[in-house]
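**Q** The following block contains the structure, expressed as structure tokens.
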Amino acid sequence: DSPQVVPEAPRSTVDESPMHLEEIVVTAEKHTTSLQRTAASIAVVTGDEAAQRGEQQLDQLMSSVGSVKVLEGEDGPTFYIRGVGTGVPSNIGDPEINLNIDGIYQSEPQFSRAGLYDVSRVEVLRGPQGTLYGRNAVAGVVNIVTNDPTFDYSASGSIGFGNYNLLQTQGAFNVPLSETLALRVALGTEQHDGYLSNGADDANIQSGRVKLLWQPSDKLRILLAADNTHEGGEAEGEIQVSPPPGPPAGTAGNPPLVTTPANPAGTYLLGDTFKSSNPWVSPDPGTASRHANFWSVHGQLDWDMDFATLTFMPGYRHYQYECLSCWRSETDQNNYASERQTTVE
């Protein structure tokens with residue numbers, strides 16, 4: 001008998017190569033480490049994740065981070081980590097969350113509005129961090145890290161649309177000027193109509209950042225940076241979220257009446273305008289005008305001396321804010337604020 005030919009079994013097409021998870025690098029401990037090897041409770045949101053979700057505000061970015069809450073208000077964002085935070089302006093009390101942008105401490109929470117474009121990552125350290133970050137880190141730390149220049153040609157950009165006529169744009173380009181010098185320029189904008197009936201709670205933000213990197217050798221690295229952000233629009237508004245308690249307006253025990261041009265005899269405006277079917281109706285006539293300007297310059301020198309690395313980080317930041325005819329506690333007010341911050345670390 002002739003031998004039978006056994007057909008060869010089909011070869012497996014399954015890729016048997018081991019799978020590797022992408023390593024996430026953080027600087028939470030003031031030097032570069034792997035997230036898995038860092039001895040702290042850390043959450044990281046990368047810039048790519050934020051861009052894919054169309055998030056350019058810190059409260060939006062932190063919505064996916066457990067145990068973290070960011071509340072936006074007239075005095076800027078307020079941070080809460082594990083339920084701990086300070087709900088007062090920084091000129092009244094010290095914050096309990098340490099906020100840093102590119103390693104520079106930010107004394108005013110409003111500064112966080114100037115950094116959320118062309119972001120590399122946002123790090124959140126939960127729990128007390130006073131050992132490395134000093135004061136104002138009782139509840140934790142928020143680090144915003146933007147992209148530095150590299151020695152490769154690259155460009156990126158995105159545009160997003162949404163309801164309330166939302167338009168978000170951001171873009172960046174990176175150019176190596178020589179073998180030791182590189183430049184990166186980034187831009188970001190956000191605009192949308194107000195969420196309240198009078199147009200308040202809108203957005204009108206334009207930002208720009210320039211970074212210049214000089215790296216003559218593997219042992220020396222010098223980075224210079226400058227940024228500017230302008231914020232306009234009608235600012236934050238106020239609404240009544242429930243009917244006011246107590247007797248009707250004008251009776252004994254009711255809060256004092258408010259006199260306005262539209263109501264010269266006085267009226268308790270928030271109570272009169274509350275509508276349970278549409279709570280976003282505001283008594284504010286909608287005449288507010290906001291102008292906020294943030295700008296800063298900072299640098300970083302890293303010198304490898306073999307036995308240690310010397311890092312020198314000077315920074316200067318300026319913030320100026322005015323809101324004309326802003327609605328505060330049932331009255332129109334003109335609010336002004338100015339802050340100058342100089343740091344060296």
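**Q** Failed condition for Val88, given (1) modelled with pLDDT under 80; (2) open to solvent by less than 30 Å² (accessible area, probe 1.4 Å); (3) not acidic (Asp, Glu), with all others met?
**A** Condition (2) is where Val88 drops out.
**Q** Would you pick out the residues in segment 117-152 that are part of a helix (DSSP H, G or I) and not hydroxyl-bearing (Ser, Thr, Tyr)? Give the steps one after another, and end with the answer.
**A** Within segment 117-152, the subset part of a helix (DSSP H, G or I) is 130-133.
Of everything in segment 117-152, those that are part of a helix (DSSP H, G or I) and not hydroxyl-bearing (Ser, Thr, Tyr) turn out to be Gly130, Leu132.
**Q** Determine whether segment 150-170 contains at least one residue that is modelled with pLDDT of 90 or more, within 29 Å of Asn98 (Cα to Cα) and over 21 Å from the mean Cα position of the chain (by Cα).
**A** For segment 150-170, residues modelled with pLDDT of 90 or more, within 29 Å of Asn98 (Cα to Cα) and over 21 Å from the mean Cα position of the chain (by Cα): present.
For every residue, the table says whether it meets (1) at pLDDT below 95; (2) open to solvent by 60 Å² or more (accessible area, probe 1.4 Å); (3) of a type in the set (D, E, K, R); (4) farther than 19 Å from Gln215 by Cβ.
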position	(1), (2), (3), (4)
Pro285	yes, yes, no, yes
Val297	no, yes, no, yes
Leu301	no, no, no, no
Thr309	yes, yes, no, no
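**Q** Can you report the number of residues in segment 61-76 which are at pLDDT 75 or above, open to solvent by 30 Å² or more (accessible area, probe 1.4 Å) and within 27 Å of Ser338 (Cα to Cα)?
**A** Qualifying residue count, segment 61-76: 2.
**Q** Could you check segment 311-320 and list, in sequence order, the residues that are open to solvent by 60 Å² or more (accessible area, probe 1.4 Å) and under 22 Å from the mean Cα position of the chain (by Cα)?
**A** Tyr316, Gln320
**Q** Looking only at residues in segment 161-206 that are touching a residue at least 40 places away in the same chain (Cβ under 8 Å) and either of a type in the set (Val, Ile, Thr) or part of a loop (DSSP other than H, G, I, E, B) (or both), which one is farthest from Asn278 (Cα to Cα)?
**A** Ile205
**Q** Kindly provide the set of residues from segment 107-116 that are open to solvent by 10 Å² or more (accessible area, probe 1.4 Å) and either in a loop (DSSP other than H, G, I, E, B) or under 21 Å from Gln170 (Cβ atoms) (or both), ordered by number. If you could, list the steps in order and put the result at the bottom.
**A** Start the filter on segment 107-116 by keeping residues that are open to solvent by 10 Å² or more (accessible area, probe 1.4 Å), which leaves 107-110, 113, 116.
Across segment 107-116, the qualifying residues are Ser107, Glu108, Gln110, Arg113, Leu116.
**Q** May I pose another question? Can you say whether Asn147 is at negative phi and under 19 Å from the mean Cα position of the chain (by Cα), as far as the supplied structure shows? Let's see the steps before the verdict.
**A** Details: at negative phi: yes; under 19 Å from the mean Cα position of the chain (by Cα): yes.
So Asn147 fits the description; yes.
The values are calculated or read from the model by the stated rules, or taken from the named source; none is laboratory data. Remember, predicted model here, so these are calculated numbers, not experimental data. Because the Cβ atoms are built from the backbone with ideal geometry, glycine has one as well, and the counts that use them run over all protein chains shown. Remember, those area values only see protein heavy atoms, side chains included, never the ligands or the DNA or RNA. Shrake-Rupley method; radii C 1.70, N 1.55, O 1.52, S 1.80 Å.
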